[in-house]
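In what follows, a structure is listed as structure tokens, so that the remarks can point back to it.
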Ligand code: PRX
């Protein structure tokens with residue numbers, strides 16, 4: 001029972017109960033689901049898996065040899081078949097699978113039958129290029145229907161896809177292609193951004209020049225930008241699709257065959273290839289999508305995440321399509337041509353389920369209600385949040401101005417590694433508190449533990465861990481199982497360490513507080529401090545660099561860099577600009593530091609460790625904590641002077 005206080009509470013302290021008419025129709029109405037799933041999590045997940053189509057049933061639900069898991073052992077399945085073919089038998093065949101609107105306002109609707117045709121044709125294109133089961137294909141694309149077609153075509157033939165977010169630089173792309181050793185890269189000429197065509201193919205050309213594995217590049221014509229084509233290597237998507245036959249037998253995949261690899265930042269400079277397999281992943285994303293978003297046949301569901309991130313994989317493509325959803329796919333920015341573009345899309349297509357990130361909500365708050373009030377948002381019936389902690393003010397604004405106090409908000413905590421949502425309310429039964437992702441999903445065991453791995457008492461703060469295996473857990477780091485074991489399973493015995501800190505309140509609710517490792521969360525995107533540091537020290541002017549995440553009003557966190565320069569180099573505004581562009585070129589625009597502070601020395605302990613806590617205090621303008629362990633206390637004074645001079 002929730003700890004209800006009798007006192008008058010401020011809105012952010014109040015508990016928001018599901019409204020009765022919503023609860024009465026909700027997919028999950030029985031709160032017993034938590035206990036039932038908790039009593040036998042394997043049985044719970046097996047029931048969820050039954051809702052998919054299997055070519056062969058599994059022999060065993062879970063084989064757990066910590067930290068390596070196999071789910072639905074012996075089961076045979078195909079993710080593409082589940083996302084398309086099984087919807088073709090009845091009337092759903094003619095249901096819109098994807099409603100696309102591009103930035104310039106172009107529209108395209110693909111029914112499930114259309115999707116079948118396009119996907120099987122592209123699967124035949126890939127097969128024709130010699131791609132077979134197990135060959136990773138890299139996809140570097142804008143938010144256009146062909147990206148979904150390419151993903152599902154890979155899944156159909158058993159080729160793991162590796163999506164690289166279109167905002168990543170050519171160097172980041174090169175490293176990811178090389179790690180996956182892809183033979184084929186799928187891309188587009190460009191992407192529309194605020195009326196301009198931003199080139200993508202050029203980045204691919206630069207990257208592929210240093211990728212010996214790549215034999216073919218398939219290019220979708222999106223913006224019509226002038227594009228160099230290598231006669232031996234490059235082909236236009238529309239040309240190869242013209243010749244391709246439709247219809248392609250789905251590869252019979254083992255439940256544990258790889259569905260995709262997705263690279264994410266960690267605490268070292270090298271991004272990790274997170275490996276997700278087929279049966280368990282699909283089970284968990286379909287189940288959580290149905291339950292958290294209370295999916296109904298007639299819903300129009302819109303997830304604004306880019307398909308290049310895990311949210312796009314799980315809740316734009318696999319979860320929704322496995323459930324036969326009508327998915328809105330939108331290419332543009334929220335403020336082009338005007339700041340009501342998102343609300344215009346909702347009004348126009350009568351979107352009913354809307355899933356976005358706190359960073360976007362804060363931006364909308366800043367723009368003000370004049371934009372939200374211009375549009376009819378009455379089709380909405382549920383709102384979601386993902387990517388970073390949502391501050392109560394943003395939650396309340398979302399609730400009032402977008403949800404009109406009538407839509408439950410599901411704040412969903414999860415990670416690239418977890419594959420599916422781990423902590424979130426079930427909208428028909430779980431009371432919510434602004435800023436808390438509430439409680440673990442049924443069948444998922446999450447806890448907050450102290451330094452020793454002991455669960456903290458209610459009211460305590462500690463590290464967020466997952467205590468039992470779950471079907472969509474990452475299986476390994478691509479080609480590096482040791483790194484998998486070390487990164488996730490060595491901090492606490494027998495538990496998966498998330499890298500996040502959290503508080504467990506008096507009611508047992510979980511309040512995720514953000515990363516406790518060297519990962520920065522900028523606008524819901526993960527950036528490793530080590531990646532930015534190594535980019536900075538590769539610049540000839542830089543001797544040493546330390547990077548931290550500091551609080552940022554809109555982005556949640558911003559990248560703040562501290563550098564020392566090589567002998568004879570003088571600090572100048574041009575150099576700061578140059579260093580920022582250098583980082584953007586090495587990694588991508590999202591990693592560009594907000595500011596770079598030049599120091600003659602970085603604050604270090606006597607043993608030579610950079611004191612990041614101090615740098616964070618400096619960057620956030622806080623009173624400095626203990627500086628007595630510094631090797632040279634005068635360093636701090638100089639840094640503070642630098643900061644105030646900015
Ligand atoms: O710090 C947590 C934060 O995002 C991290 C995972 O980032 P990524 O793998 O890129 O996946 C993002 C989308 C699932 C987490 O370790 N995070 C994500 N969702 C939330 C969150 N923090 C608080 N509340 C959330 N709802």
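The values are calculated or read from the model by the stated rules, or taken from the named source; none is laboratory data. Here the structure is a predicted model, which is why all the values come from computation and not from measurement. With ideal geometry, Cβ positions are generated from the backbone for all residues, glycine too; neighbour counts draw on all protein chains shown.
Checked against (1) at pLDDT below 95; (2) within 15 Å of the ligand (Cβ to nearest atom), residue 474 passes all but a single condition, namely (1).
Conditions (1) part of a loop (DSSP other than H, G, I, E, B); (2) exposed (fewer than 14 other Cβ atoms within 10 Å of the Cβ), marked per residue:
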{"position": "8", "(1), (2)": "yes, yes"}
{"position": "21", "(1), (2)": "no, yes"}
{"position": "24", "(1), (2)": "no, yes"}
{"position": "30", "(1), (2)": "yes, yes"}
{"position": "42", "(1), (2)": "no, no"}
{"position": "48", "(1), (2)": "no, no"}
{"position": "52", "(1), (2)": "yes, no"}
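The residue that is farthest from the chain's Cα centre (by Cα), among those in region 587-622 that are closer than 30 Å to residue 176 by Cα and assigned to a helix (DSSP H, G or I), is 612. Only one entry of 558, 535, 546 meets the criterion of being in contact with a strand residue (DSSP E or B) (Cβ under 9 Å, 6 or more places away or on another chain) and within 16 Å of the ligand (Cβ to nearest atom), and that entry is 558.
Of 23, 66, all but one fail to be in the same structural domain as residue 469 (by TED's automatic domain parsing) and under 28 Å from the mean Cα position of the chain (by Cα); the exception is 66. Within region 433-451, does at least one residue satisfy the condition of being free of Cβ contacts under 8 Å to residues at least 40 places away in the same chain, more than 23 Å from the chain's Cα centre (by Cα) and in the same structural domain as residue 340 (by TED's automatic domain parsing)? Within region 433-451, one or more residues are free of Cβ contacts under 8 Å to residues at least 40 places away in the same chain, more than 23 Å from the chain's Cα centre (by Cα) and in the same structural domain as residue 340 (by TED's automatic domain parsing). Restricting region 306-329 to residues that are outside any helix (DSSP H, G or I) and within 16 Å of the ligand (Cβ to nearest atom), which is surrounded by the fewest Cβ atoms within 10 Å (Cβ to Cβ)? Here the answer is 306. Could you go through region 54-63 and let me know if any residue there is modelled with pLDDT of 95 or more, in contact with a helix residue (DSSP H, G or I) (Cβ under 6 Å, 6 or more places away or on another chain) and within 29 Å of residue 152 (Cα to Cα). Among the residues of region 54-63, at least one is modelled with pLDDT of 95 or more, in contact with a helix residue (DSSP H, G or I) (Cβ under 6 Å, 6 or more places away or on another chain) and within 29 Å of residue 152 (Cα to Cα), which makes the answer yes.
Being at pLDDT 95 or above and touching a strand residue (DSSP E or B) at 6+ places or on another chain (Cβ under 9 Å) is a property that does not hold for residue 285.
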